[in-house]
Amino acid sequence: MGAEDEKSEFALDRREMLKTIGAAAASLAAGGLASADNADGKAAGGGRQDACVEHNPYGAPPGTGISMPPYYRPTPSVRNRNIYMPGTEPLGPDEMRIIFMGSQPWPPRISQAAECIMVELGSGKRCFFDFGPGCMRNIVANQVPVCEVDNIFLTHLHADHICELPYLWSFAPFAGRFKPIHIIGPSGRTPELGTRAMWEGMKKFLAWGTRAFEGTGPMPAMDSDNVTEFNFRDDGSVCYDSDGVKVIHWRRSHAMDGASAYRLDWNGLSFVFTGDGKPDWLTAGYGKGADVFVSEMAVDNINLWAMKQGLPSIFGALTLDIHHTTHYGFGYLANLVRPRLAMATHLSFDHELLNEMSAGVRTHYKGFFTYGIDNVVVNVTKDRIWIRESSLNDLAGVHSPDPKWMLQNMFDGKMPTEIPKPKYTIKDNQEQAVRDLEIDPALFTPKDQMRPWIREFPANAKPEDFLPQPAGVLRMPKT
């Protein structure tokens, strides 16, 4: 089956839909719901009941469901068809892997971090879309080396989409990040409302912590910036083009100017993330035919929302009507885009509302659909898609980067001949009188465990001292 056949007509045509509604209404008026007693097609009132008109839009054979496509099959790199075990599946050279590292706007939940999606490509490149609070715990648990977190595309500057950036920026140097993190995001109505201004403000916010860390050792990733701010009005323009990966952006209607959506294209595969906003014609156009189309979604039940939040209903209406896409709107937009897979994210994954959310989507969209919540994993090739969840350990630690990756990506393939000097010393940052109040380590450290304490960065430190070491090896420069 070709790609066009796979993207065949999803929605019932208007005449067929009206016929279905009319038949259902007539059946209900006659009290003629089908039962085991009239399973031969005769209505309880003695009349004939029309056959069900629902059908699989992909032309799949009987017994395969009314929304599942024939290309829902494990991709070549999948080793376990039921769960994804981080670190055990090298990605095929022609595959894309998408992992949802966060999916919740508000309130914070143990099971859902705020919005963040990682797109991993068979070429080895990773891109991240939004970086909301809590996403780092999922990134670490999914065994993504922290120093390899790069190319972060921000859809807009709401807190639930950006506020894990300070955490990453502060600690990435301790995980081997020597180059500044690449941040890509939209401008605002005025310069102070754009991505670059946000980044500068974040650094001011972190000034105390940054100087404290820079007194510990050289932090070159903190000494410079790599921020790409594009004009949010330039719909369809390229904001990233490197190593065969091209990303375009366009405007979204989300309460204020400066919200954007993205489309990533690589090796004949495409990924679209709308960020937040109302259903719009730009997204319908630029997202057309994507392999994976991800949009935010909110349930249009403001009274229930208000009851659960403990707020007046008008706040729910204002939030939804100004900012977000309803579950009906999601289905309408997905039916215009016609992706191979449509995914809803940025939602509270309330089990009692799953049927309502899905029913709203299905009012317009009959194709392949699922939810993008924390640690959902999607593998994509040109002829297959497979969906699982990560199997994670609550105590998972940081995964060390490959030394070869470090050499190539942090040092441009050449081992540096020297280590830069720290910007500050401990003496620059702390009064001696405070340090004099410290308890002598010899009073609490076992004698056979006493080691020389390093209280200033060693002047004779070598570049190889900063490469990841094999387990059990402790290498420290002489003081």
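Observations on the structure shown:
- Set side by side, the residues Met256, Met307 differ, and just one is part of a loop (DSSP other than H, G, I, E, B), surrounded by fewer than 20 Cβ atoms within 10 Å (Cβ to Cβ) and out of contact with any Pro (no Cβ under 8 Å at 6 or more places or on another chain), which is Met256.
- Filtering the stretch 157-167 to residues that are closer than 13 Å to Lys203 by Cβ and surrounded by 19 or more Cβ atoms within 10 Å (Cβ to Cβ) leaves only Leu165.
- Of the strands (runs of 3 or more DSSP E) lying entirely inside the stretch 138-246, those containing at least 2 residues that are in the same structural domain as Phe128 (by TED's automatic domain parsing) and touching a Phe, Trp or Tyr at 6+ places or on another chain (Cβ under 7 Å) are 182-186.
- Scanning the stretch 67-90 for residues that are within 21 Å of Asn393 (Cα to Cα), assigned to a loop (DSSP other than H, G, I, E, B) and not polar (S, T, N, Q) yields Val78, Arg79, Arg81, Met85, Pro86, Gly87, Glu89, Pro90.
- Residue match in the stretch 66-74 (condition: within 22 Å of Gly268 (Cα to Cα) and polar (S, T, N, Q)): no
- Exclusive hit being among the charged types (D, E, K, R), in the same structural domain as Ile183 (by TED's automatic domain parsing) and either touching a Leu at 6+ places or on another chain (Cβ under 7 Å) or under 21 Å from Thr195 (Cα atoms) (or both), set Asp257, Asp280: Asp257
- Inside the stretch 246-269, residues that are among the β-branched types (Val, Ile, Thr) and within 24 Å of Gly92 (Cβ to Cβ) make up a count of 1.
- Of residues in the stretch 272-303 being among the aliphatic types (A, V, I, L, M) and out of contact with any helix residue (DSSP H, G or I) (no Cβ under 8 Å at 6 or more places or on another chain), the one surrounded by the most Cβ atoms within 10 Å (Cβ to Cβ): Val294
- Selection within the stretch 348-378 - polar (S, T, N, Q), assigned to a helix (DSSP H, G or I) and farther than 27 Å from Thr75 by Cα: Asn355
- Subset of the stretch 427-446 that is out of contact with any helix residue (DSSP H, G or I) (no Cβ under 8 Å at 6 or more places or on another chain) and polar (S, T, N, Q) - its residue that is surrounded by the fewest Cβ atoms within 10 Å (Cβ to Cβ): Gln432
- Some residue of the stretch 211-234 being buried (at least 21 other Cβ atoms within 10 Å of the Cβ) and closer than 18 Å to Val119 by Cβ: no
- Taking first residues from the stretch 448-460 that are free of Cβ contacts under 8 Å to residues at least 60 places away in the same chain and exposed (fewer than 10 other Cβ atoms within 10 Å of the Cβ) and partners that are assigned to a helix (DSSP H, G or I) and not acidic (Asp, Glu), the Cβ contacts under 8 Å between residues at least 6 apart in sequence or on separate chains come to Trp453/Pro441.
- For the stretch 168-195, taking the residues that are among the polar types (S, T, N, Q) and either more than 22 Å from Glu115 (Cβ to Cβ) or touching an Asp or Glu at 6+ places or on another chain (Cβ under 6 Å) (or both), the one that is surrounded by the fewest Cβ atoms within 10 Å (Cβ to Cβ) is identified as Thr190.
The values are calculated or read from the model by the stated rules, or taken from the named source; none is laboratory data. What you see is a predicted model, and the numbers here were worked out from it, not measured in a lab. For neighbour counting, all protein chains shown are included, and Cβ atoms are generated from backbone atoms with ideal geometry for every residue, glycine included.
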